[in-house]
Amino acid sequence: MPHIPLDPDLPGIRGPMAFRPETARPLNALVEVLLQDPNTLTRGERELIATYVSSRNCTQFCHNIHGAVAAAHLGGNEDLVRQVKVDFMQAEISPKLKALLNIAGKVQQNGKLVTPSDIDAARREGATDMEIHDTVLIAAAFCMYNRYVDGLATNQPADPAFYRERGKRVAREGYVSVSKEYVSRHSNAAAR
């Protein structure tokens, strides 16, 4: 049960975002830039970083929804997403993404754990400074998003179908447009 009154029809981060839409806008804008805007890392790769960090933080809603979005971007490959969560070093992903996930995992624990050798390893695998930057920011941002969701004890559905369908929609339409619809619908209902 959420710690504050949140719409039970808006699980995960959607409930707090509808509760306070003025903070939802910049949070959604950041995730849109990090995960959807053009980048040398694919949308699927960036979603895998968000998924991995969220799974390490044990935030069910976030690792399931971002895993579903990643799978949608990766041709429906849910097995790959599960493997990244369990042991990314054994997953069929590029050595560059493995090096970036190593960095993301360290940021999730404590940003000061990232060493020059971690950065050098990522560069040796072809990671650019922008990709390194964005990996660190995705990891840091998702620690914040995860704590936002868990700190308010939001409703986090267990049904994989919920995440699969929403993941496909976010992959098609992006975070800002999907979230605007839910926040707007909730705000309009609350105003009645």
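The values are calculated or read from the model by the stated rules, or taken from the named source; none is laboratory data. Remember, it's a predicted structure, so these values are computed and weren't measured experimentally. As a convention, Cβ positions derive from the backbone with ideal geometry for all residues, glycine included, and neighbour counts pool all protein chains shown.
Among residues of the stretch 109-121 that are surrounded by 12 or more Cβ atoms within 10 Å (Cβ to Cβ), those with a Cβ under 9 angstrom from a residue that is in a loop (DSSP other than H, G, I, E, B), sequence gap 6+ or separate chain, pair up as Ile119/Ala127; Ala121/Ala127. Of all the residues in the stretch 170-192, those that are surrounded by fewer than 16 Cβ atoms within 10 Å (Cβ to Cβ) and at pLDDT 85 or above number 2. Could you tell me whether Glu92 is modelled with pLDDT of 95 or more, in contact with a Pro (Cβ under 6 Å, 6 or more places away or on another chain), over 11 Å from Leu41 (Cβ atoms) and acidic (Asp, Glu)? No. So, Lys98, is that one farther than 26 Å from Tyr148 by Cα, surrounded by 17 or more Cβ atoms within 10 Å (Cβ to Cβ) and either of a type in the set (Lys, Arg) or free of Cβ contacts under 8 Å to residues at least 12 places away in the same chain (or both) or not? Spelling it out, Lys98 is indeed farther than 26 Å from Tyr148 by Cα, surrounded by 17 or more Cβ atoms within 10 Å (Cβ to Cβ) and either of a type in the set (Lys, Arg) or free of Cβ contacts under 8 Å to residues at least 12 places away in the same chain (or both). Looking across the stretch 55-95, the residues that are of a type in the set (Gly, Ala, Ser), more than 25 Å from Gly151 (Cα to Cα) and buried (at least 16 other Cβ atoms within 10 Å of the Cβ) come down to Ala71, Ala72, Ala91. Restricting attention to the stretch 106-133, the residues that are under 15 Å from Arg46 (Cβ atoms) and of a type in the set (Gly, Ala, Ser) add up to 2.
Close Cβ contacts (under 8 Å, 6 or more residues apart or on different chains) running from residues in the stretch 3-20 that are in contact (Cβ under 8 Å) with a residue 40 or more places away in the chain and closer than 16 Å to Met144 by Cα to residues that are among the hydrophobic types (A, V, I, L, M, F, W, C) and assigned to a loop (DSSP other than H, G, I, E, B) comprise Gly15/Leu6; Gly15/Leu152; Pro16/Leu6; Pro16/Leu152; Met17/Leu10.
Give me the residue from the stretch 30-45 that is touching a residue at least 12 places away in the same chain (Cβ under 8 Å) and outside any helix (DSSP H, G or I) and, out of that set, farthest from the chain's Cα centre (by Cα). In this case the residue turns out to be Thr40.
One line per residue, one yes/no per condition, for (1) exposed (fewer than 15 other Cβ atoms within 10 Å of the Cβ); (2) at pLDDT below 95; (3) over 29 Å from Ser94 (Cβ atoms); (4) touching an Asp or Glu at 6+ places or on another chain (Cβ under 9 Å):
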| position | (1), (2), (3), (4) |
| --- | --- |
| His3 | yes, no, yes, no |
| Pro8 | yes, yes, yes, no |
| Ala18 | no, no, yes, yes |
| Glu22 | yes, no, yes, no |
| Leu30 | no, no, no, no |
| Gly44 | no, no, no, no |
